[in-house]
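**Student:** Here's a structure for you.
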Amino acid sequence: MPAIQKYEADIRKDVAKRLGPRYGVVNPIVGTLFPNFSFLRGSSRAFRVWQPKGPDKIEIWSWCYVDKTAPPEVKEEHRLAAIRGFGPSGTFEQDDMDNWQQCTISGRGVVSRRRQLNYSMGLGHDGFDDEIQGWASDALYSDSNHRQFYGRWADMMAADTWANL
């Protein structure tokens, strides 16, 4: 989307100045703040809140955000990108939903229940990074986020009290 690319190039120096030395150190494309707030950058500029509604059911609230001071054509391109890509009616969202639904269904199979789920992609390439004060992976593709998410979830499920967390 040309207007978005031009706008981001135009504001890059100002953004770097406002964010200071951390600018460029952390530049996630997707992330989740435990337990249920996620964001997706890039052309979609979405953030979400995931609300479990019971076994096999989840409600997802999704918003698109745009810089308040962005020109109208940039706001329009972001709106269209959100609708076409990762919005509820978007191509990528629908494709991802089908994949996740099929993973859930196949995970209930007889053979699947006999096996451990493999979350080892990028294993050994992640660790706590003092500079960013968080877990990071030097692998291009990694299951580090999944391991951290489910590790924290397991800690919470096993704790006797909040004080033990």
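**Student:** Tell me the relative contact order for the chain as a rounded percent, counting alpha carbon contacts under 8 Å between residues six or more apart.
**Tutor:** 13 percent
**Student:** Right, something else. So how compact is the stretch 95-152: Cα radius of gyration and Dmax in angstrom?
**Tutor:** Rg and Dmax of the stretch 95-152, Cα atoms, are 14.5, 45 Å.
**Student:** Pairs of lysine in the stretch 2-115 with Cα under 24 Å and at least 8 positions apart or on different chains: total?
**Tutor:** 7
**Student:** If you build a Gaussian network model of the chain, linking Cα atoms that sit under 10 Å apart, which residue out of Tyr150, Tyr141, Tyr119 swings the most?
**Tutor:** The residue that fluctuates most here is Tyr141.
**Student:** Then there is this: Evaluate the distance, in nm, between pseudo-label points positioned 7 Å from the Cα of Ile58 and of Cys103 along their respective Cα→Cβ axes.
**Tutor:** 0.9 nm
**Student:** With the dipole of the chain worked out from charges on the C-beta (+1 for Lys and Arg, -1 for Asp and Glu) around the Cα centre, which of Gly54, Met157, Ile105 lies farthest toward the positive end?
**Tutor:** Comparing the listed Cα positions along the dipole, Gly54 ranks first.
**Student:** Here's something else I'd like to know. Explain nothing, just compute: Karplus ³J(HN,Hα) = 6.51 cos²θ - 1.76 cosθ + 1.60, θ = phi - 60°, for every residue of the stretch 117-127 in order, whole Hz, x for Gly and Pro.
**Tutor:** 6, 8, 10, 9, 4, x, 4, x, 10, 10, x
**Student:** Taking 7 Å along the Cα-to-C-beta vector as the label spot, tell me the Ser38-Arg115 distance in nanometres, rounded to one decimal.
**Tutor:** 2.3 nm
**Student:** Here is a further query. How long are the semi-axes of the equivalent ellipsoid of the stretch 121-165, taking √(5λ) for every eigenvalue λ of the Cα gyration tensor, in whole Å from largest down? Kindly include the intermediate steps, with their values, before the conclusion.
**Tutor:** Values: eigenvalues 117, 35, 7 Å².
Result for the stretch 121-165: semi-axes of 24, 13, 6 Å.
**Student:** Moving on to the next point. Give the shape of the stretch 6-165 as rounded, prolate or oblate, defined through the alpha-carbon gyration tensor: a ≥ b ≥ c are the square roots of its eigenvalues, a/c under 1.5 means rounded, and otherwise the shape is prolate if a/b is larger than b/c and oblate if not.
**Tutor:** oblate
**Student:** How big is the stretch 34-129 in terms of Cα radius of gyration and Dmax, in angstroms?
**Tutor:** Gyration radius and largest Cα-Cα distance of the stretch 34-129: 17.4, 55 Å.
Read the figures in this text as sums done on the coordinates, not as results from a lab. Computed from a predicted model, the values in this text were never measured in an experiment. Don't worry about glycine lacking a Cβ; one is built from the backbone with ideal geometry, like all the others, and counts go over all protein chains shown.
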